[in-house]
Amino acid sequence: MIITQNMLKKWVNIPDDILEVTNQKIIEVESFEPLNTATNLVVGKVLTCVPHPNSDHLNLTTVDLGDRVEQIVCGAPNVGKDQYVVVAQVGTVLPGNFEIKKSKIRGEESSGMICSLQELGIDEELIPDDFKEGIYHFAEPKEIGSPALEALALEGWKMTLGLTPNRSDLLSILGFALDLASLTNQKVNIPQIKINEEKTENPVKVEINTEGCSRYYARHISDVTIKDSPWWLKSALLAHDIKPINNVVDISNYVLIEYGTPLHMFDAKKVASNHIVVRDAKDGEEVVSLDGLKRILKKEDVVITDGKQPIAIGGVMGLENTMIDDDSTSVILEAAYFDPKRIQKTSKRLNLKSDSSLRFERGIDDKRVLLGLDRATELLIELADAKVSKGISEVVTKERENPTIEIPKLYFSDRLGVDIDEKTLLTYFDRYQYSIEVKDDLFLITPPSYRIDLEIPADILEEIARMHGLNQIPMTKHLNQTHGYLTEKQKRLRNLKHELAHLGLHEAITYSLTDEENYNKYQSIGEKVEILMPLSSDKKVLRQSLLNGLLQTVSYNQNRQTDDIHLFEIGHVFAKDVEYETLALAMSGTWHQSKWQKQGIKVDFYVIKGILDQVMKALDVELTYETAHTHGFLHPYRQANIKYHNEVIGFIGEVHPKEQKALDINLTYVLEIKLEKILKHRSKFDFEAISKYPNIERDLAIVVDENIEAKSLIDIIKQTLRQNLVELSVFDIYQGTHIETGKKSMAFNLVFNDSNKTLETQDVDKLMKKVVSRLAYEFKAEVRK
């Protein structure tokens, strides 16, 4: 929001330290600068204008500057005798640090320059069409020699506010003036609006049939003359980066800046009836907006109609079928209050952002709507020679009231750490225009209608802090001295991340939001949680698996010729009344590679499983795995459930070929596990002396049915040899020649030790015979020969 000195001074007395007051007590200031940086500009009158004797496109002029007459060579095609113009004298510095010097042009002296608006630093896109190709000249006589910037209403400063979404009250000059007046203890000079109505009754009738609009006013105005706006109005719009169009359009834009009240004007002759009906749009209803684009509406949109067809998209934009043009002579002037949430959804979906929709989205003062309507009516009478029918057609279906906030009297002193007596507080409340009721040890505070952001005690506390002065609140140390440290959970999370990084994986952080179709594609943990006002359709539902983001990241990188992807993410997943933390991995391509030896380790099921086992080992956690076939997005024969203390906490496997094709990715392996119980696990350490006796290794190859899992065999071996077995690993699985169909060979490496003696060969033979017998009994296993 831009605040200009010229507009603000009509409402309040501006303090000399306006920048400091605004920055310290109102809102952050993004920029503060002169409205125009040109120096030494004066108003001049062109006394003579003749063609340059040595040029076919230049003019030789003499210009009265008040204290002298100067000869100036001018190349503008629209310069002429008796014009009142803006003159840059010798020594003037124009925007862009361009200094005017005395010179000779084609043999003729030129002492200054007659300026165009573009040379004054006004953006070419904002310049009125009449002055785009030449100099600017005033429409009426001005005092010769007077400061030109003052005549152009471009003197003074402009200040750009860095508004936060909650301070919608500052989206107008009046709103800023009210806050400034409160903080500087003065009253706002709100002018009295005078409207002379005709005897003819307002023919417009209004009906509201939607909850999206609670207040609607309409005036009927005739005998409107469409013409250029006066320069004071044009300059005010230019200062706010708005291009002047004509008097009628410019008035609505000016009132928007001045009062923060969005208005709309319909060409009354193009409206099919005098019956204005505000209703919900129909699904699939098509309209053409003022920008000439066809828009398809939905039932949550609000439309203004003539009883049959739409004539405006409520709170967003008018339609082409009732737009004001140069032939318009009568208008219906609209002022309304629309539901902010519905306007925001419509504006976003249709990609129609405007100054009006911004104010409706953030919330306007519904009590000021009528004031904006009257101000625009007054200006139409003044600047468009309009005649106003008697009365305002209005419908109000719901009154919006600010909440009454109950606050203990000691709340402000306790929270701010300074003593503010009750009398001072009541003075502050009065300056803010709060309605106050004092009850025993309580204040009952109702903010004014234009402060819709004040809802809870903390909001009022902030206001009192601003009024009292943040620099008056002492800095104190926190009373509770706390020593920073990591919780056990934080330590384990950090260790987990470090272990994964040490193993060569990269941490990813992906969006918590995904689209409605795929939110439970990889894991379903409950009822979906939708965002009320999503930024886009693909960020609408909270994720139920980290793989939504990780697999998209794999796809993104592989499509950019990065095939070796090793990612992990730790984050939360969500469902209704459910939220917990998970770890997910996604790996593809080559894990490790030696270019010198031309060897590498390709990512497969056992690589990603091994990485998880290694990480869990560092956390003193032991996981088990069991074959699964229930995860539809994984390969049906290359997936498993991950278990911790016999409870399934996740899954691991190869992404199904169909899913790989849909995501346009190469062979990829993934896993995801819940971290809640793992992070709560407390390590217990038992210490024992290192055996001074040597280990003895034996290999055992057995043939079993192909359906028997290695885990089952390992469990039996460990159970049978638990006293002397110190290490056990699988080093070979084989099916093929010399192995019966339906069977497979599995080879194990067993390491034995006894802490009390050296194991002899016969001791180990007995142990091997014992385990072979047990395996033969349990699984009909045969030793491979």
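Miscellaneous remarks
- For first residues located in segment 601-623 and under 21 Å from ASP563 (Cβ atoms) and assigned to a helix (DSSP H, G or I), partners that are at pLDDT 90 or above and basic (Lys, Arg) and lie 6+ apart or on another chain with Cβ distances below 7 Å form the pairs PHE605/ARG638.
- Residues of segment 115-126 satisfying the condition of being open to solvent by less than 10 Å² (accessible area, probe 1.4 Å) and more than 19 Å from PRO34 (Cβ to Cβ): none
- Those residues of segment 534-572 which are farther than 18 Å from LEU612 by Cβ and either in a helix (DSSP H, G or I) or open to solvent by less than 20 Å² (accessible area, probe 1.4 Å) (or both), in sequence order: VAL541, ARG543, GLN544, ASN548, GLY549, GLN552, THR553, SER555, TYR556, ASN557, GLN558
- Apart from one condition, LEU233 fits all of (1) part of a loop (DSSP other than H, G, I, E, B); (2) over 31 Å from the mean Cα position of the chain (by Cα); the exception is (1).
- Number of positions in segment 745-774 that are open to solvent by less than 20 Å² (accessible area, probe 1.4 Å) and in a strand (DSSP E or B): 7
- THR404 being under 16 Å from SER214 (Cβ atoms) and touching a residue at least 40 places away in the same chain (Cβ under 8 Å): no
- Conditions (1) free of Cβ contacts under 8 Å to residues at least 60 places away in the same chain; (2) under 59 Å from the mean Cα position of the chain (by Cα); (3) open to solvent by less than 90 Å² (accessible area, probe 1.4 Å): number failed by GLN735: (3)
- When segment 501-520 is filtered for residues that are more than 17 Å from GLU579 (Cα to Cα), touching a residue at least 60 places away in the same chain (Cβ under 8 Å) and either of a type in the set (D, E, K, R) or touching a Leu at 6+ places or on another chain (Cβ under 8 Å) (or both), the ones remaining, listed by number, are LEU505, HIS506, GLU507, ALA508.
- Among the residues of segment 200-219, those identified as open to solvent by 30 Å² or more (accessible area, probe 1.4 Å), assigned to a strand (DSSP E or B) and either touching a Gly at 6+ places or on another chain (Cβ under 9 Å) or among the charged types (D, E, K, R) (or both) are GLU201, LYS205, GLU207.
- Within segment 258-306, the set of residues being polar (S, T, N, Q) and open to solvent by less than 20 Å² (accessible area, probe 1.4 Å) comprises THR261, SER289, THR305.
- So PHE779, is it open to solvent by less than 30 Å² (accessible area, probe 1.4 Å) and at pLDDT 90 or above: no
Condition check ((1) closer than 16 Å to PHE138 by Cβ; (2) modelled with pLDDT of 90 or more; (3) hydroxyl-bearing (Ser, Thr, Tyr); (4) within 50 Å of the chain's Cα centre (by Cα)) across all residues:
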| residue | (1), (2), (3), (4) |
| --- | --- |
| THR39 | no, no, yes, yes |
| LYS45 | yes, yes, no, no |
| SER55 | no, no, yes, no |
| VAL85 | yes, yes, no, yes |
| GLN89 | no, yes, no, yes |
| ASN97 | no, no, no, yes |
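- Odd one out for GLN660 among (1) part of a loop (DSSP other than H, G, I, E, B); (2) closer than 20 Å to GLY549 by Cβ; (3) polar (S, T, N, Q): (1)
- Single unsatisfied condition, LEU383 versus (1) surrounded by fewer than 17 Cβ atoms within 10 Å (Cβ to Cβ); (2) at pLDDT 90 or above; (3) outside any loop (DSSP other than H, G, I, E, B): (1)
- Within segment 704-732, restricting attention to residues that are part of a strand (DSSP E or B), open to solvent by less than 90 Å² (accessible area, probe 1.4 Å) and of a type in the set (Asp, Glu), the residue that is farthest from GLY610 (Cα to Cα) is ASP705.
- Cβ-Cβ under 8 Å pairs, at least 6 apart or on other chains, segment 141-152 side on the phi < 0 side of the Ramachandran plot, far side of a type in the set (Gly, Ala, Ser) and surrounded by 16 or more Cβ atoms within 10 Å (Cβ to Cβ): LYS142/ALA151; GLU143/ALA151; ILE144/GLY44; LEU149/ALA38; LEU152/SER235
- Test: residue in segment 94-101 that is farther than 21 Å from ILE242 by Cα, out of contact with any Cys (no Cβ under 6 Å at 6 or more places or on another chain) and either assigned to a helix (DSSP H, G or I) or open to solvent by less than 20 Å² (accessible area, probe 1.4 Å) (or both): yes
- Among the residues listed as VAL79, VAL90, VAL85, the single one being outside any loop (DSSP other than H, G, I, E, B) and among the β-branched types (Val, Ile, Thr): VAL85
- Whichever residue in segment 476-496 is farther than 17 Å from ASP613 by Cβ, under 34 Å from the mean Cα position of the chain (by Cα) and at pLDDT 80 or above and, among such residues, is most open to solvent (accessible area, probe 1.4 Å): TYR485
- Screening ALA628 on (1) in contact with a His (Cβ under 6 Å, 6 or more places away or on another chain); (2) under 30 Å from LYS680 (Cβ atoms) shows it passes everything except condition (1).
- Here ARG375 passes the criteria (1) closer than 30 Å to THR200 by Cα; (2) touching a strand residue (DSSP E or B) at 6+ places or on another chain (Cβ under 8 Å); (3) outside any loop (DSSP other than H, G, I, E, B) except the one numbered (2).
- Selection status of LEU583, touching a His at 6+ places or on another chain (Cβ under 7 Å) and either of a type in the set (Val, Ile, Thr) or modelled with pLDDT of 95 or more (or both): no
- Test result for LEU679, farther than 30 Å from LYS497 by Cβ, open to solvent by less than 70 Å² (accessible area, probe 1.4 Å), part of a helix (DSSP H, G or I) and touching a residue at least 60 places away in the same chain (Cβ under 8 Å): no
- All conditions but one from (1) within 13 Å of PRO408 (Cβ to Cβ); (2) free of Cβ contacts under 8 Å to residues at least 40 places away in the same chain; (3) among the hydrophobic types (A, V, I, L, M, F, W, C); (4) surrounded by 16 or more Cβ atoms within 10 Å (Cβ to Cβ) apply to PHE429; the one that does not is (1).
- The residue that is surrounded by the most Cβ atoms within 10 Å (Cβ to Cβ), among those in segment 637-647 that are touching a residue at least 12 places away in the same chain (Cβ under 8 Å) and either β-branched (Val, Ile, Thr) or over 21 Å from LYS677 (Cβ atoms) (or both), is GLN639.
- Strands (runs of 3 or more DSSP E) wholly inside segment 243-352 that include at least 1 residues being free of Cβ contacts under 8 Å to residues at least 60 places away in the same chain: 286-288, 294-296, 302-305, 310-313
- Odd one out for LYS243 among (1) basic (Lys, Arg); (2) touching a Pro at 6+ places or on another chain (Cβ under 9 Å); (3) at pLDDT 90 or above: (3)
The values are calculated or read from the model by the stated rules, or taken from the named source; none is laboratory data. Since we're looking at a predicted model, the values are computed, not measured. Reconstructed Cβ throughout: ideal geometry from the backbone, glycine too, with neighbour counts over all protein chains shown. Each accessible area value is taken on the protein alone, full model and side chains, heavy atoms only, with ligands, DNA and RNA left out. Shrake-Rupley method; radii C 1.70, N 1.55, O 1.52, S 1.80 Å.
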